[in-house]
Amino acid sequence: MDIVEATRGYEAWLGAELGRMGLAPVAADLREKRRRMAKEDAFVFLRATYYRWAQLWPQLCPELARAPQALAAGDLHIENFGTWRDREGRLCWGINDFDEAYALSYANDLVRLAASAFLAVEAGRFTAAPAALAEAILDGYAAGLERFVPFVLEERNLELRAMAYHAEKEPARWWKKLGKELFLQRPPAAARAALDADLSRAELAKAGHFYRSAGTGSLGRPRYVLRAEWRGGLLAREAKALVPSAAAWAARHKSARPRYADVRHQSAGCLDPLLRVEEGWVVRRLAPRSSKIELDCLRKKSDPLALLRAMGRAAANLHHGSAAAVPAIKRDVARRKSRWLRDAALRMADAMREDRRAWKRSGAWRK
């Protein structure tokens, strides 16, 4: 199966899964996603095509795919991290998207994270050598396996805090950018009920409901936003339709279910109290300090290797949720040769580049 067949197959599966919820894929967003897969760089292609990664991973890295399993992020990459406020109002940082969570080899998350970093360097987003990037991820991961420590951006982790307070996160600019992604549209009943839960009837009378076109890999899944002027400032909530991971599609696991709620249940971290999963939707707060952090927020004098070490540690924090697997994961990491992560990530990055070239040549993105 090539990239064109994989894309058709995955989109048909996505339609069937959404159909069980009485929904349908958003055709305009799927067209935009296909166009971006051809027109933008290989880093964007990787982000848009986790379904293809899930197909190729066990073929190209079969020994790693059989390594000890954990409940993994699946679609882990360097822009799958962000900030939120915990129940104490503290600013926290870590992996912030678990749409593709699935029981996988722990190595899947590390290899995909490293491959995304290699492709981001190629696209000019920052500068570092592949071996150094892979080593930084592994250093952070190994340290994280030894000790679970959530990232709280208050007295510590000041470099990450600086990224969270980058100019792009200034409230006026952030809300203006969000507004460009919103289109007036009434959500389905279940999504609307989930969005409206935090506001009174009187407050909802002044709120607006919208469709949101955003993301890369999730383009095509319905997502809706409530935006309101609330007690002296702006407030927003997003509800995004949840389907099983693309890893389930690749494995032909017909009875799979979304694992987002499982990740939340198993986490010992500082959770966002306003994020919840209900009736097939993941509902979360949208705010300047409760959103993903893009690489553009990395200060020019920042050390990208320090950021990758933190990301490796965040991956270990996630895998700690599968507590019974941690001893086996530690042993597996310890026995591997020093450059295993670099070599596997280079192999997968090459496959993404080749698929992008094939996709562009095919012309399927024009349809």
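The values are calculated or read from the model by the stated rules, or taken from the named source; none is laboratory data. Quick caveat: nothing in here was measured; it's all calculated off a predicted structure. For neighbour counting, all protein chains shown are included, and Cβ atoms are generated from backbone atoms with ideal geometry for every residue, glycine included.
Quick rundown of the values:
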read-out	value
Residues that are more than 18 Å from Glu11 (Cβ to Cβ) and either within 18 Å of the chain's Cα centre (by Cα) or assigned to a helix (DSSP H, G or I) (or both), drawn from the range 47-61	Trp57, Pro58, Gln59, Leu60
Matching entry among Glu155, Glu159, Glu203 (being assigned to a helix (DSSP H, G or I), without any contact (Cβ under 8 Å) to a residue 60 or more places away in the chain and not basic (Lys, Arg))	Glu203
Residue match in the range 136-145 (condition: outside any loop (DSSP other than H, G, I, E, B) and in contact with a His (Cβ under 8 Å, 6 or more places away or on another chain))	yes
Residue match in the range 63-73 (condition: in contact with an Asp or Glu (Cβ under 8 Å, 6 or more places away or on another chain), in a helix (DSSP H, G or I) and among the aliphatic types (A, V, I, L, M))	no
Sole residue being in contact with a Lys or Arg (Cβ under 9 Å, 6 or more places away or on another chain) and part of a helix (DSSP H, G or I), chosen from Leu18, Leu30	Leu18
Residue within the range 61-84 that is surrounded by fewer than 19 Cβ atoms within 10 Å (Cβ to Cβ) and either without any contact (Cβ under 8 Å) to a residue 24 or more places away in the chain or among the polar types (S, T, N, Q) (or both) present	yes
Qualifying position, being at negative phi and modelled with pLDDT of 95 or more, among Asp350, Asp303	Asp350
Counted residues, the range 131-161 - those being more than 20 Å from Asp272 (Cβ to Cβ), surrounded by 14 or more Cβ atoms within 10 Å (Cβ to Cβ) and at pLDDT below 95	1
